[in-house]
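The values are calculated or read from the model by the stated rules, or taken from the named source; none is laboratory data. Keep in mind that what you see is a predicted model, and the values were worked out from it rather than measured. Cβ placement follows ideal geometry from the backbone for every residue including glycine, while neighbour counts extend to all protein chains displayed. Heavy atoms of the whole protein, side chains included, go into the accessibility calculation; ligands, DNA and RNA do not. Shrake-Rupley method; radii C 1.70, N 1.55, O 1.52, S 1.80 Å.
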Amino acid sequence: TEDVPALWDAKMAELLGLPDGFRCDSAAGGGVIHGSASEATLASILAARWRATSGQVNHDGDTRGLVAYATSQAHSSIEKGLRVAGIGTDQIRVVAHDAAFAMVPEALAEQMSADVAAGLRPFWVCATRGTTSSMAFDPVGPIADVAERYGVWVHVDAAMSGIAGLAPEFAWVNADVDRADSYCTNPHKW
């Protein structure tokens, strides 16, 4: 029998123009169909937490030095997922956004630099692609540039709007996701 979720995942990745690393049949990565975008976000946070601590967090549960980043426009599931993963409110940075509600990469860089100077470990950033509240689109490429300097996991939350990329004229909604470590969208949203 054929693996229907794997076929579905591979086809969706192909139709959305996602990089091969997001396909479940890829040796380079592994796409997964989750029950919700909230679940996908939590999985990305847990993976980033593990990577940032080289797996030590699974032994000692120590998340005290880890810091995460998102704008005020990010979905409420972002903060909830971080809390479930043991990242307290004091460890979540709200990054400034511009007049169109898009994250300001320079503000992200300033916050990460300040956190590193304070002895903290930036580990995860959420770049949204069409938020539910304001349809904000964060600049994934420039965010990834900043994250790369600090070894930070980039999660793209395209739950609301990523699926629009199925239409060729809206393929831009998934621009630069090849720079992300994880990505989620909800096929049922549109």
Check A109 against each of (1) surrounded by fewer than 21 Cβ atoms within 10 Å (Cβ to Cβ); (2) touching a Lys or Arg at 6+ places or on another chain (Cβ under 9 Å); (3) under 26 Å from E39 (Cβ atoms) and name the one condition it does not meet. (3)
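Would you mind finding the one in I87, I33, I92, I78 that is closer than 30 Å to L166 by Cβ, under 16 Å from the mean Cα position of the chain (by Cα) and modelled with pLDDT of 90 or more? Can you show your working first?
Details: I87 fails: closer than 30 Å to L166 by Cβ; I33 fails: modelled with pLDDT of 90 or more; I92 fails: closer than 30 Å to L166 by Cβ.
I78 is the lone residue from the list that is closer than 30 Å to L166 by Cβ, under 16 Å from the mean Cα position of the chain (by Cα) and modelled with pLDDT of 90 or more.
Identify, please: which residue in region 140-149 is open to solvent by less than 40 Å² (accessible area, probe 1.4 Å) and free of Cβ contacts under 8 Å to residues at least 40 places away in the same chain and is, among those, farthest from V177 (Cα to Cα)?
A147
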Please go through region 59-73 and pick out each residue that is within 21 Å of A96 (Cβ to Cβ) and open to solvent by 50 Å² or more (accessible area, probe 1.4 Å). S72
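Only one of these is of a type in the set (D, E), at pLDDT below 95 and either part of a loop (DSSP other than H, G, I, E, B) or touching a Lys or Arg at 6+ places or on another chain (Cβ under 6 Å) (or both): D9, D25. Name it. Before you say what the answer is, go through the steps one by one.
Working: D9 fails: either part of a loop (DSSP other than H, G, I, E, B) or touching a Lys or Arg at 6+ places or on another chain (Cβ under 6 Å) (or both).
Unique residue meeting the criteria: D25.
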Within region 150-186, the residues that are open to solvent by less than 40 Å² (accessible area, probe 1.4 Å) and part of a helix (DSSP H, G or I) are G162, I163, A164, G165, V173, N174, V177
If you scan region 128-183, which residues turn out to be under 11 Å from the mean Cα position of the chain (by Cα), among the aliphatic types (A, V, I, L, M) and modelled with pLDDT under 90? A159
What number of residues within region 117-136 satisfy the criterion of being open to solvent by less than 50 Å² (accessible area, probe 1.4 Å), more than 21 Å from G88 (Cα to Cα) and not polar (S, T, N, Q)? 3
Restricting attention to region 48-81, the residues that are touching a residue at least 40 places away in the same chain (Cβ under 8 Å) and within 24 Å of A136 (Cβ to Cβ) number exactly 13
